[in-house]
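Written below as structure tokens is the structure these notes are about.
Please treat every number below as a calculation from the coordinates, not as lab data. Quick caveat, the model's predicted, so the values are computed rather than measured. Cβ coordinates were reconstructed from backbone atoms using ideal geometry, including for glycine residues, and neighbour counts include every protein chain displayed.
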Amino acid sequence: MDRREMLHWLRCEDPEELRTLWERADRARREGVGETVHLRGLVEISNHCVRNCHYCGLRAANHRIDRYRMTAAEIVRCAEQAVALGYGTLVLQSGEDHQIEAGWLVDLIGHIKATTPLALTLSLGERSEADLRAWKAAGADRYLLRFETSNMALYRKIHPDRGDNISDRLALLRLLRRLGYETGSGVMVGIPGQHFATLVDDIFLFQELDLDMIGIGPFIPHPDTPLGQAVPSGLPKGEQVPATIAMTCKAVALARIVRPDANIPATTAVAVMDAGSGRALALQCGANVIMPNLTPLHYRERYAIYPGKADRLEAADQSDRQIREQIGALGRRVGIGQGGRLRRGGRAA
Ligand code: SAH
Ligand code: SF4
């Protein structure tokens, strides 16, 4: 698909015509990754963060949140719960928290890998090559690090460097790949200042980076951040990408068409923006993964990247039941095993 066609789809609002896009993405998903939906248990292990991203409630300058860091024993209990619920992957996510020490996590990864059959995904922000290397050697399988936007001027504006430490997530993604991680990235849809043309570039970059996993979610303003109030985008009328479910579904569909065998989640932000049907919509336009939240409830409400995440706090077994029903209602089935990327030819990467 070329740029022109991609732009056309992003701007298209005719439901009849859009049906062709949804069908095309659904077919690409079926041929690329089949009917299974993989469940990844998500554990939000710390909400401390040294960064000051303009979009995120966990930013260091936000003093209105109550910070926590889970203990190794608490995280191990979540891993056991993931196994009990039949999940094949555990995702450990946090703010960029350098108090999560490399050696501490090496021991934890070693323990989880030795005592469970889980694949382990990390999403801990921008860490040093030495840390990433040590965690890979300890058994971590995958790493998620969104590049957020391919427009470097916009990126610099909303994702400040940390002193002399220049943020280069694209270089880190290439490093992660070299270290042998299955690598995931992605963007937010509708960040103030995001043009349609930028979103097209984002999707081409998914293809160029040959990502194993692609996470796309709507931008949800957090009131205690610089992008929390209605911020003028500075773009000419009609150029700003809206932060809607429909636009997110278009981006998911196009990502699936350019990367048929990637793992693409129906993201939490989609589920938060439309609690009733967000996940089902994403699953029908290209997504094949859901990440049920296993974080203990009293921590989960404090992991407030954006508002609304804690509105429907449900115990893991309860949301697990609902998610399985949703998947069944779509005629799909829950995947068994780790569900890593199957490169064309059927060999697990
Ligand atoms: N600290 C890590 C992981 C946690 S943030 C990191 O930054 O990679 C995970 C993702 O949440 C970010 O990559 C970003 O895309 C998304 N996010 C942050 N603030 C958001 C907001 N206000 N609305 C929607 N998504 C947001
Ligand atoms: Fe920290 Fe990640 Fe939020 Fe940025 S997006 S402030 S790195 S938690």
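Suppose we filter Asp164, Asp141 for residues that are more than 15 Å from ligand 1 (Cβ to nearest atom) and either of a type in the set (Ser, Thr, Tyr) or within 17 Å of the chain's Cα centre (by Cα) (or both); which single one remains?
So the residue among Asp164, Asp141 that is more than 15 Å from ligand 1 (Cβ to nearest atom) and either of a type in the set (Ser, Thr, Tyr) or within 17 Å of the chain's Cα centre (by Cα) (or both) is Asp141.
Mind listing just one residue for me: the one in segment 35-79 that is in a loop (DSSP other than H, G, I, E, B) and free of Cβ contacts under 8 Å to residues at least 60 places away in the same chain and, of those, farthest from ligand 2 (Cβ to nearest atom)?
Thr71
So, Ala28, is that one touching a Pro at 6+ places or on another chain (Cβ under 6 Å) and either farther than 25 Å from Asp131 by Cβ or of a type in the set (Phe, Trp, Tyr) (or both) or not?
The answer is yes for Ala28.
Scan segment 147-175 for residues that are among the charged types (D, E, K, R) and buried (at least 19 other Cβ atoms within 10 Å of the Cβ) and report the count. Outline the logic, then answer.
The initial filter retains those residues of segment 147-175 that are among the charged types (D, E, K, R), namely 148, 156-157, 161-162, 164, 168-169, 174.
The next check asks that each one be buried (at least 19 other Cβ atoms within 10 Å of the Cβ); those that pass are 148.
So the count comes out to 1.
Answer with yes or no whether Arg279 is in contact with an Asp or Glu (Cβ under 9 Å, 6 or more places away or on another chain) and of a type in the set (Lys, Arg).
no
Say we look at segment 117-164 and pick out the residues that are touching a strand residue (DSSP E or B) at 6+ places or on another chain (Cβ under 8 Å) and polar (S, T, N, Q); which of these is farthest from Gln240 (Cα to Cα)?
Residue satisfying both the conditions and the ranking: Thr121.
State yes or no: is Ala25 buried (at least 21 other Cβ atoms within 10 Å of the Cβ), within 30 Å of Ala243 (Cβ to Cβ) and under 23 Å from the mean Cα position of the chain (by Cα)? Before you say what the answer is, go through the steps one by one.
Details: buried (at least 21 other Cβ atoms within 10 Å of the Cβ): yes; within 30 Å of Ala243 (Cβ to Cβ): yes; under 23 Å from the mean Cα position of the chain (by Cα): yes.
Taking the combined requirement at face value, the residue satisfies it.
Tell me which residues, restricted to segment 81-131, are closer than 21 Å to His48 by Cβ and of a type in the set (Gly, Ala, Ser).
Within segment 81-131, Ser94, Gly95, Ala102, Gly103, Ser123, Gly125, Ser128, Ala130 meet the criteria.
Could you check how many residues of segment 148-200 are away from ligand 2 (no atom under 14 Å from the Cβ), β-branched (Val, Ile, Thr) and either in contact (Cβ under 8 Å) with a residue 24 or more places away in the chain or under 19 Å from Asp212 (Cα atoms) (or both)?
Looking only at that region, the number is 4.
Does Arg127 fit the bill of being within 13 Å of ligand 1 (Cβ to nearest atom) and surrounded by fewer than 16 Cβ atoms within 10 Å (Cβ to Cβ)?
Here the answer is no, as Arg127 does not meet what is asked.
Give Val106, Val83 a once-over and let me know the one that is of a type in the set (A, V, I, L, M, F, W, C) and within 30 Å of Arg321 (Cβ to Cβ). Can you show your working first?
Working: Val106 fails: within 30 Å of Arg321 (Cβ to Cβ).
Going through Val106, Val83 in turn, the sole match is Val83.
If I filter segment 228-255 down to residues being part of a loop (DSSP other than H, G, I, E, B) and touching a helix residue (DSSP H, G or I) at 6+ places or on another chain (Cβ under 7 Å), which single residue comes out as nearest to ligand 2 (Cβ to nearest atom)?
Val241
Please find, within segment 144-158, the residue that is farthest from Met291 (Cα to Cα) out of those that are in a loop (DSSP other than H, G, I, E, B) and of a type outside the set (Gly, Ala, Ser).
Asn151
Can you tell me which of (1) part of a helix (DSSP H, G or I); (2) over 18 Å from the mean Cα position of the chain (by Cα) is the one Gly86 doesn't meet?
Failing condition for Gly86: (1).
If you check Ala140 against the conditions, is it within 24 Å of Cys78 (Cα to Cα) and part of a loop (DSSP other than H, G, I, E, B)?
yes
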